[in-house]
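The values are calculated or read from the model by the stated rules, or taken from the named source; none is laboratory data. Remember, predicted model here, so these are calculated numbers, not experimental data. No Cβ is skipped: glycine too gets one built from the backbone with ideal geometry, and neighbour counts run over all protein chains shown.
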Amino acid sequence: MSEGPLLLSPLRLGAMQLPNRVVMAPMTRARAGADGVPTEIMATYYAQRASAGLIVTEATHFCAEGQGYMRTPGIYTPAQIAAWRKVTDAVHAKGGRIAHQVWHVGRVSHPLNREPGSRSVGPSAIPSGVNIFTPDGILPAPVPDALTQQEIAAVVRGFAQAARNAIDSGFDGVEIHGGNGYLIDQFLQGSANRRTDGYGGDARNRSRFLWEVCEAVLQAVGADRTGVRLSPFGVFNGVNDQDPATLFGTAIEGLARLGPAYLHVINPEVSGDRTVQAGAIDVPRFSRQHFPGTLMVAGGYDRVSAEQALRQGVADLIGFGRPYIANPDLVARLRGGLQLAKAARATFYTDGAEGYTDYPAPA
Ligand SMILES: Cc1cc2nc3c(=O)[nH]c(=O)nc-3n(C[C@H](O)[C@H](O)[C@H](O)COP(=O)(O)O)c2cc1C
């Protein structure tokens with residue numbers, strides 16, 4: 001066993017060799033330009049954080065219907081794909097590794113934030129009940145159209161194409177966003193899924209869409225470059241389930257059989273981008289019981305709790321979200337036991353450099 005902190009010890013993750021177990025968790029920062037094209041400032045932001053064992057990008061949509069919010073990036077037009085190449089080049093030039101988070105928001109969306117003519121879609125015509133920032137203020141997300149089976153198949157293909165586009169843009173891997181109440185989680189959790197076909201009903205049927213997406217992405221880019229993120233027992237964005245233990249146990253065991261490079265789970269104490277009160281369920285331990293492969297956990301970790309989770313064998317990698325916003329040199333600060341700067345919430349999703357690339361960079 002290594003003498004130093006496990007958090008700073010290397011790990012082989014599928015096709016990637018990570019110098020440490022510190023992962024920059026995926027974070028939407030809303031700095032993309034017109035038409036979802038990644039900006040220069042995004043390349044600077046990610047490159048500043050290249051000492052992470054792995055960076056996972058902000059969630060990125062791959063079709064008009066998959067976008068929910070303002071100024072989020074896409075990965076389906078030639079301009080978007082070309083601009084992502086600048087991001088991956090910038091991170092690689094600093095010696096880093098970067099995976100791309102593939103995302104479809106489903107019903108958590110507003111038409112004012114999407115290409116004209118595109119629809120809100122979901123497993124069933126049930127609204128999320130969430131309010132969304134739009135150019136006209138905060139507005140309720142509308143009732144989605146229930147996807148047909150043909151449309152579901154097209155979305156599955158869309159995930160796979162997005163993964164291919166990501167690898168073509170120079171990403172080292174992809175992470176399927178299956179959590180936080182977005183499309184995959186809407187299929188999983190009973191409150192959003194009342195389908196009566198093979199995609200609704202029992203836990204297996206509701207996991208089918210997740211499994212099909214995972215399988216398609218694995219076939220597109222290889223299991224050694226594919227991760228999956230879930231938020232078991234999560235209730236963010238208006239989802240919940242009557243029997244989450246059965247649901248997520250089933251979903252995770254099915255994923256384990258498909259064998260992605262890692263499973264990434266979020267502690268329910270952190271709901272989306274906020275810390276909340278949650279029940280007694282220990283999501284990392286629960287996930288470990290159902291997933292024998294590499295496990296990444298995120299949500300409320302600091303230097304001490306991260307090391308403890310690794311030492312206890314509960315997790316193999318630790319995702320840090322908010323600490324990475326204000327501490328681009330997080331690895332160095334963890335290594336030195338230095339105090340961490342606190343991120344300013346007011347600039348999480350604002351446009352421009354303030355609160356984005358202006359936190360003091362590594363010396
Ligand atoms: C500003 C912000 C944006 C986020 N956007 C995403 C996202 O795009 N995809 C995702 O899976 N999680 C997202 N999250 C959740 C984080 O990845 C992470 O799970 C959460 O912040 C808990 O980790 P922390 O306590 O270290 O911040 C976001 C969190 C924050 C703070």
Exercise for the section: Determine if segment 190-210 includes at least one residue that is within 30 Å of Pro323 (Cα to Cα), in contact with a strand residue (DSSP E or B) (Cβ under 9 Å, 6 or more places away or on another chain) and without any contact (Cβ under 8 Å) to a residue 60 or more places away in the chain. Expected result: yes
Problem - Test: residue in segment 236-255 that is within 15 Å of the ligand (Cβ to nearest atom), in contact with a Phe, Trp or Tyr (Cβ under 9 Å, 6 or more places away or on another chain) and of a type in the set (Gly, Ala, Ser) - result: no
Exercise for the section: Go through the residues of segment 34-48 one by one and say whether even a single one is out of contact with any Gly (no Cβ under 9 Å at 6 or more places or on another chain), away from the ligand (no atom under 14 Å from the Cβ) and either under 26 Å from Asn193 (Cα atoms) or modelled with pLDDT under 95 (or both). Expected result: yes
Practice task
Hey, can you tell me all the residues within segment 160-179 that are part of a loop (DSSP other than H, G, I, E, B) and crowded, with 24+ Cβ neighbours inside 10 Å?
Solution key: Phe171, Gly178, Gly179
Problem - Flag if Asp168 is over 18 Å from the mean Cα position of the chain (by Cα), more than 30 Å from Ala245 (Cβ to Cβ) and away from the ligand (no atom under 15 Å from the Cβ) - result: yes
Exercise for the section: With respect to Thr294, determine if the residue is touching a residue at least 24 places away in the same chain (Cβ under 8 Å), over 22 Å from Tyr45 (Cβ atoms), in contact with a helix residue (DSSP H, G or I) (Cβ under 7 Å, 6 or more places away or on another chain) and of a type outside the set (A, V, I, L, M). Expected result: no
Exercise for the section: Check whether at least one residue in segment 303-311 is touching a His at 6+ places or on another chain (Cβ under 9 Å) and either within 15 Å of the ligand (Cβ to nearest atom) or touching a residue at least 12 places away in the same chain (Cβ under 8 Å) (or both), and report yes or no. Expected result: no
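Just to be sure before I move on: is Val221 over 14 Å from the mean Cα position of the chain (by Cα) and either without any contact (Cβ under 8 Å) to a residue 24 or more places away in the chain or within 16 Å of the ligand (Cβ to nearest atom) (or both) in the structure I sent?
So Val221 fails the test.
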Exercise for the section: Determine the pairs where a residue that is aliphatic (A, V, I, L, M), located within segment 17-42, has a partner that is within 9 Å of the ligand (Cβ to nearest atom) and assigned to a loop (DSSP other than H, G, I, E, B) with Cβ atoms under 7 Å apart, the partner being 6 or more residues away or on another chain. Expected result: Ala25/Gly321; Met27/Gly321; Ala30/Thr72; Ala30/Tyr349; Ala32/Thr72
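Which of the residues that make up segment 312-348 are exposed (fewer than 15 other Cβ atoms within 10 Å of the Cβ) and more than 10 Å from the ligand (Cβ to nearest atom)?
Gln312, Gly313, Ala332, Gly336, Gly337, Leu338, Gln339, Lys342, Ala344, Ala346
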Exercise for the section: Please report, ordered by residue number, the strands (runs of 3 or more DSSP E) entirely within segment 1-117 with at least 3 residues that are surrounded by 19 or more Cβ atoms within 10 Å (Cβ to Cβ). Expected result: 22-24, 54-61, 98-103
